[in-house]
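Colleague: Shown below is the structure under consideration.
Bear in mind these aren't lab numbers, they're just calculated from the coordinates by the rules spelled out. Predicted model only: the values in this text are computed from it and were never measured. Neighbour counts run over all protein chains shown; Cβ positions are idealised from the backbone, glycine included.
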Amino acid sequence: MWKPAVCTKDCPDTCGLLAKVEDGRITKIKADPDHPFTQGFICRKAKFFPEHVHNEKRILTPLKRKGPKGSGRFEPVGWDAALDAIAGQIQKVVKAHGPEAILPYFYAGHMGIVHRNAGQAFFHKLGASRLLLTICGPAATEGFKTTLGSGPSTDIESSVDSDFIIIWGSNTLTTNIHAWSFFLKARKKGARIVVIDPYRTITAQKADFHLMVKPGTDAALALGIMNILIQENLVKKTFIKEQTIGYEQLVLRAAEYPLEKTAEICGVSTRDIENLARSYGKAKAPFIRTGWGPARQLRGAMAMRTIACLPALVGAFDTTGGGITRSLGGGPSDITRLTRPDLCPEDTRIINMVELGNALTRLNDPPVKLFYNFMSNPAAVAPQSDLVHTGLAREDLFVVVHELFMTDTAKMADIILPSASFLEMTDIYKSYGHNYLRLAKSVIPPVGQSRTNLAIFQALAKRMGFKEEVFRISEDEFIKGFLEDSHPSLKGVDTKALMQGKAVRLNIAFNPYAKGFNTPSGKVEFFSQAWQDKGLDPLPCGQVWRDPQGDDTYPLELITPPHPLFLNSAFNEIAKIRTLVGRPTLLIHPDDAAARHIVQDAPVRVFNARGECRLDAKITTDTRPGLVVAEGIHWPQFMDQGKGINQLTSQRLTDQGETCAFHCSRVEVIP
Ligand SMILES: Nc1nc2c(c(=O)[nH]1)N[C@H]1C(S)=C(S)[C@@H](COP(=O)(O)OP(=O)(O)OC[C@H]3O[C@@H](n4cnc5c(=O)[nH]c(N)nc54)[C@H](O)[C@@H]3O)O[C@H]1N2
Ligand SMILES: Nc1nc2c(c(=O)[nH]1)N[C@H]1C(S)=C(S)[C@@H](COP(=O)(O)OP(=O)(O)OC[C@H]3O[C@@H](n4cnc5c(=O)[nH]c(N)nc54)[C@H](O)[C@@H]3O)O[C@H]1N2
Ligand SMILES: [Mo]
């Protein structure tokens, strides 16, 4: 029997799936042919979900630490014993140090609205430290918001009518594969596809043109393009006059980026910039798909804000097929019934999740004494792993991990709680890559003794004597209320079809900018008063920020973008996927390899002041001289010395959004 499901991984595509159930087991996963965005195909890794659910290494009972911390030795305990131990420890910590000594840590292991948000009310009620959710998107969001206003951006599906598509810092064929089929439809009608990325990704290989920019130079590139558009009169004066502010100042700023200077900053040829600018300016309906790559730089928000100015200059928002996409993600958003921010005492301490290493090792007043982790694997994904590890290893820190697998984070736990998988829970899903809403009922009951996030927090709340509605509400009740929201995107939505497991289109425009912009002025803001008021440069600026922490002593730049067969650190649990991926590699340019006597496939030591890890050198012109690339987050436990790629990344925050600059590190590499 095939049952409808949704892929709940943190990916823009949020695919419609069908799961085959035989004798209570998931035996096969395929694409739902009726899903308008998934369009009948799924990525290679999703087909392995049966081996995620029925994995021989899956944790099926609560576990209690037996050996020394981090030894990986545990013994099974009953649910009551596990929950009592956690509740008891919470009370002890609150009494001795106050509730802020408790730090919840969670992110996007599961993207369903109910279960993703199921823990917040509990920690709010406790008065625990609040976690700032900054590991991924806020710099990009801030940048876009400044220029174009908040809310969904151009629908990817509308790109089929574009005649010129720029994929700017997104590895579409790895991280957003269904967008590619819309781009191909446009290409069939004559569109050209350009990729702007520091290395030759699988997407860049399939594009008509690849501009291999230096990381962190996107704002300069965009300003250089603007300068040409302005000089050669390729701008749309009417749109600019009616729907933008700050054009005169922008003209002056763009003039600071003449061709030679821009080419020098970005590390590309003047001819390529000129061609790109002219093609963009002359296109009838130019479309840009930005990924998050440009935002994972120290000046990431500025990069996104500057790129976002381009469509307004050429009037792309007035065309069918033109525009710019970052995140869609519209739809009903009131989840306060579930998260209950009102329960949180005012002025409760906020901890930035990027700075977990510091929080666990340096915070005082009070120090973190209880760490509760769910839906995340910080020992693998958080920056500056060495410090994270030192923190998690503290003997005086009580660590709770709710997981499906023995991740590097789970290994550091005092108590592990077994998590149900996404196919074992009911939830409702929006997407940040398309505008369809879908509900998925649990396909099979929880495997072993595993439980959902909601079930666990409700059980803990009961032990703590918490009485609010959220601590007894069911998924179904919450979903029902959520759909009764008066949010305009729900107008006309076919709830009956939704309840039957069909993807339904939200009432969100394909071109949300047709009716104006959500900025303070209601126009595209080339000049931002809001940034001026914050003491920031109110105009786009192409100045590159490197490593203020003295990393400049290391000669090579390192970026660590996603791998097609992993999803952040997920899918490492599947042995067949690990075999397909092979050993972790480092792409290095032949010039850099030769200068270091590094030969093809040789193991290399990659290091900086924060740490080191070992990878196999892959010598290739797919990367630039001076730039090394490590795709994907292998579990540290599968890497030499247990050291993962985030040994090398830093906790430094972006200009706005306080986000991690994952693609901005410097390293040295030796054989
Ligand atoms: N298969 C797979 N899919 C995924 C993920 C995964 O790990 N694996 N992760 C998911 C998540 S959580 C997210 S947020 C999205 C992210 O999806 P993407 O936006 O595609 O990923 P990023 O890591 O932001 O990097 C995108 C591209 O930007 C490039 N880049 C790095 N620095 C710069 C720069 O300074 N300028 C420019 N122009 N490009 C730069 C990188 O080389 C990379 O090719 O993907 C999601 N989908
Ligand atoms: N070097 C480097 N580091 C990066 C990035 C990068 O590009 N480079 N990308 C960053 C980005 S964009 C992101 S979004 C973060 C992502 O960081 P995380 O959100 O931590 O992502 P995952 O590695 O997928 O870890 C999620 C974990 O949740 C578990 N899980 C799944 N479902 C459930 C559930 O229902 N309940 C519970 N309790 N657990 C569940 C999974 O087994 C998995 O181990 O990583 C960041 N780290
Ligand atoms: Mo992300």
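Colleague: With θ set to phi - 60°, apply the Karplus curve 6.51 cos²θ - 1.76 cosθ + 1.60 along segment 459-473 and write out the HN-Hα couplings as whole Hz, x wherever there is a Gly or Pro.
Modeller: 5, 5, 4, 4, 5, 7, x, 6, 10, 4, 3, 4, 8, 9, 5
Colleague: Checking the a/c ratio against 1.5 first, then a/b against b/c, what shape does the Cα gyration tensor give for segment 139-217?
Modeller: Oblate.
Colleague: Further, regarding this structure: For segment 373-446, what does the alpha-carbon gyration tensor say about shape, rounded, prolate or oblate, given a ≥ b ≥ c as the root eigenvalues, a/c under 1.5 as rounded, and a/b over b/c as prolate?
Modeller: On the way: a/c = 3.84, a/b = 1.81, b/c = 2.12.
Oblate is the answer for segment 373-446, as a/c is 1.5 or above yet b/c matches or exceeds a/b.
Colleague: For segment 191-246 and segment 573-609, what is the centre-to-centre distance using only Cα atoms, to the nearest Å?
Modeller: 32
Colleague: Going by the alpha-carbon gyration tensor, a ≥ b ≥ c the square roots of its eigenvalues, is segment 556-670 rounded (a/c under 1.5) or, if a/c is not under 1.5, prolate (a/b greater than b/c) versus oblate?
Modeller: Because a/c hits 1.5 or more and a/b fails to exceed b/c, segment 556-670 counts as oblate.
Colleague: Near K523, which aspartates and glutamates are there with a Cα under 20 Å away, not counting those fewer than 8 places off in the same chain?
Modeller: E142, D155, E242, E248, D318, D533, D537
Colleague: Could you give the alpha-carbon Rg of segment 454-536 over 2.2 N^0.38 Å, rounded to two decimals?
Modeller: 1.75
Colleague: At R0 = 35 Å, how high is the FRET efficiency between T390 and D537 if r is their beta carbon distance? Nearest 0.05 is fine.
Modeller: So, using R0 = 35 Å, E works out to roughly 0.40.
Colleague: List the chymotrypsin sites (Phe, Trp or Tyr not before Pro) within segment 39-81 that fall in a DSSP loop (any state other than H, G, I, E or B) and whose Cβ has at most 14 other Cβ atoms within 10 Å.
Modeller: Taking segment 39-81 and a limit of 14 other Cβ atoms within 10 Å, the loop chymotrypsin sites (Phe, Trp or Tyr not before Pro) found are F41.
Colleague: What do you get for the angle between helix 138-148 and the principal long axis of the chain? Use alpha-carbon atoms, 0 to 90 degrees, nearest ten.
Modeller: Between helix and principal axis, roughly 40 degrees.
Colleague: Just to confirm my numbers, what's the Cα centroid distance between segment 512-543 and segment 300-330 in Å?
Modeller: Between the Cα centres of segment 512-543 and segment 300-330 lies a distance of 13 Å.
Colleague: Any chance you could give the angle, 0 to 90 degrees and rounded to 10, that helix 270-282 forms with the longest Cα principal axis of the chain?
Modeller: In the chain, helix 270-282 runs at an angle near 90 degrees to the longest axis.
Colleague: Can you compute the label reach from E242? Point 7 Å from Cα along the Cβ direction, backbone N cut-off under 11 Å, restricted to segment 300-324.
Modeller: Output list for this probe position: 318.
Colleague: Treat each spin label as a single point 7 Å out from the Cα along the C-beta direction, and report the W545 to F209 distance in nm.
Modeller: Modelled inter-label distance: 3.1 nm.
Colleague: Also: Amide H neighbours of V524 under 5 Å, at least 5 residues apart or on other chains, H built in the peptide plane: list them.
Modeller: Long-range HN contacts for V524: T244, I245.
Colleague: Which of the peptides 227-235, 382-390, 299-307 is most tightly packed, and how do the rest follow, going by the mean number of other Cβ atoms within 10 Å of each residue?
Modeller: Top of the packing list down: 299-307, 382-390, 227-235.
Colleague: A follow-up question, please. So if I take the alpha carbon set of the chain, get Rg, then get Rh from the Kirkwood formula, what is the Rg over Rh ratio?
Modeller: Rounded to two decimals, Rg/Rh equals 0.95.
Colleague: Using all Cα-Cα distances in segment 83-184, what percent lands in each 10 angstrom bin from 0 up to the longest?
Modeller: Histogramming segment 83-184 at 10 Å steps yields 11, 27, 28, 15, 13, 5, 0 percent.
Colleague: Antiparallel as a % of all DSSP beta bridges within the chain, to the nearest 5?
Modeller: DSSP beta bridges in the chain are roughly 45 percent antiparallel.
Colleague: Taking θ = phi - 60°, what integer Hz values does the Karplus form 6.51 cos²θ - 1.76 cosθ + 1.60 yield along segment 231-247, in sequence order, with x for Gly and Pro?
Modeller: So the Karplus estimates, Gly and Pro as x, are 4, 9, 6, 9, 8, 9, 4, 5, 4, 4, 5, 7, 10, 9, 10, x, 4 Hz.
Colleague: Mind listing the long-range amide H neighbours of T585? Cut-off is under 5 Å, sequence gap 5 or more, other chains count too, H placed in the peptide plane at 1.01 Å from N.
Modeller: Under 5 Å from the amide H of T585: D616, E631.
Colleague: Please give me, ordered by residue number, the trypsin sites (Lys or Arg not before Pro) of segment 63-92 that lie in loop per DSSP and have at most 14 other Cβ atoms within 10 Å.
Modeller: Here the trypsin sites (Lys or Arg not before Pro) that fit, given the DSSP loop and packing criteria, are K66, R73.
Colleague: What whole-number distance in Å separates the alpha-carbon centres of segment 396-433 and segment 106-144?
Modeller: Going from one Cα centre to the other spans 14 Å.
Colleague: Straight distance only, please: which aspartates and glutamates reach the Cα of K369 with their own Cα at less than 18 Å, same-chain residues fewer than 8 apart left out?
Modeller: Leaving aside aspartates and glutamates fewer than 8 places away in the same chain, those within reach of K369 are D84, E100, E355, E395, D396, D414.
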